[in-house]
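*Asks:* Just dropping this structure here.
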Amino acid sequence: MSLEKIYYKVTEGYAPNKMLLQLFKENHSLNISSAMDIGCGAGRDTCFLIKRGAKVVAIDKENTKEIIINKLSEDELGRLEFVQGDILNYNFKKYDLINAMNSLSFISKEDFNKVWEKITNSINKEGYFIRKLFWQRR
């Protein structure tokens, strides 16, 4: 079993990341209708957002779709777009929230600025960007 698969198996039951939970706790009326989860892994944050009504684009280099869809109801599955692949090749849209908890550190120096530009251009006005140990409103 690969290290990635072991990691996904270990983390699939984890709670959503603390920053995401804190954002929703501090903003009780927060309405996130569209989100992107970069490096979604086993889908803990993806599922959290979907269960709160967001349509989520979940991207990971590994095929973790089965892990994620097993956590969602039939209705919730309609709000999931899973993409297996490299974030560099994905055509970003506009999102109310972009989550990148454990993924940006894996992007090469040469590609980081391209990804960063995609992220910053894709967050809706008044939207949110969450990364490890940090969240901010645009």
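Values in this text are rule-based calculations from the coordinates and carry no lab data. Computed from a predicted structure; not experimentally measured.
*Asks:* Give me the percent of DSSP beta bridges within the chain that run antiparallel, rounded to the nearest 5.
*Replies:* Given both bridge residues lie in the chain, the antiparallel proportion sits at roughly 20 percent.
*Asks:* Then there is this: For region 25-138, what is the convex hull volume of the alpha-carbon atoms per residue, in Å³?
*Replies:* 101
*Asks:* Restricting to region 37-113, what percent of DSSP beta bridges are antiparallel, rounded to 5?
*Replies:* 0
*Asks:* Now for a separate question. Within straight cross-link reach of residue 125, meaning Cα distance under 24 Å, which lysines are found once same-chain residues fewer than 8 apart are removed?
*Replies:* Of all the lysines, those that pass the test against residue 125 - Cα under 24 Å, at least 8 places apart if same chain - are 18, 25, 51, 55, 93, 94, 114.
*Asks:* Another question, then. What residue among 52, 44, 79 shows peak mean-square fluctuation when the chain is described by a Gaussian network model with Cα springs under 10 Å?
*Replies:* The residue with the greatest mean-square fluctuation here is 52.
*Asks:* What residue among 60, 75, 96 has the largest mean-square fluctuation in a Gaussian network model of the chain, using Cα springs under 10 Å?
*Replies:* Largest GNM mean-square fluctuation: 75.
*Asks:* Connecting C-alpha atoms closer than 10 Å in a GNM of the chain, tell me which of 114, 93, 55 has the biggest fluctuation.
*Replies:* 114
*Asks:* Here's another thing I want to ask about it. Per-residue ellipticity at 222 nm for the chain, helices alone: DSSP H runs ≥ 4 residues times -39500 (n - 2.57), over residue total, nearest 500 deg cm²/dmol?
*Replies:* The helix contribution divided over the chain gives -9500 deg cm²/dmol.
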